[in-house]
Amino acid sequence: MTTKEHPDEDRLGFDCELPDPPEKVWRALTVPELLAAWMMPNDIKPEIGSRFAFAGPAAPIECEILDAEPGRLLRYSWRERPKPADAARRQGLDSPLDSIVTFTLHPTVSGGTHLRIVHDGFARARPAVAMAGAGCRLSLGIRKTVQPSAANTPRLMMRAA
């Protein structure tokens with residue numbers, strides 16, 4: 001898995017090659033129980049315009065499906081609203097986080113999937129932000145407790161599917 005940080009852009013991007021076909025990866029991204037197994041409890045329905053929420057650690061993360069092409073593309077808004085008590089603890093990240101998450105799936109020659117994950121809207125985030133704090137369980141190395149790393153996340157996702 002490759003992690004790309006774009007200091008000039010407001011995004012975090014991840015690329016990985018998975019041995020599983022796009023249909024299985026799509027299920028891991030869009031079936032509530034499977035998505036919850038590697039991310040957070042949710043009520044996702046992969047239909048454009050549908051709203052859903054992740055049960056975030058501090059507060060619900062409100063989302064809306066912006067684009068959905070089964071087996072190819074999933075894009076949704078991500079609105080994280082910290083509770084007032086949590087705002088001070090977040091050291092300057094107390095304003096709402098409005099961002100867009102995009103998953104792009106491409107079949108590989110071997111029958112697997114090239115997965116690209118882009119989380120746009122990280123202007124307030126530090127370069128070493130851990131997406132685990134936002135619920136993605138993708139750690140870029142700043143947490144002291146052992147968390148799955150970005151390289152392990154696809155394996156967790158595929159075990160779920």
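Values quoted throughout were computed directly from the atomic coordinates according to the rules given, and no laboratory measurement underlies them. Quick caveat, the model's predicted, so the values are computed rather than measured. Here the Cβ positions follow ideal geometry from the backbone for every residue, glycine too, while neighbour counts run over all protein chains shown.
With 0.36 nm allotted per residue and the present C-alpha distance subtracted, the ASP15-GLU33 stretch has 4.1 nm of extension available. Note on LYS45 and ARG116: with the Förster distance fixed at 25 Å, the Cβ-Cβ geometry gives a FRET efficiency of about 0.65. I need THR30, THR104 ordered by Cβ neighbour count within 10 Å, fewest first. By the 10 Å Cβ count, ascending, the order reads THR104, THR30. Put in line by how crowded their Cβ is, counting other Cβ atoms within 10 Å and starting with the fewest, LEU66, LEU115 read LEU66, LEU115.
Neighbour counting of Cβ atoms within 10 Å sorts the residues VAL118, VAL25, VAL109, VAL31, fewest neighbours leading, into VAL109, VAL31, VAL118, VAL25.
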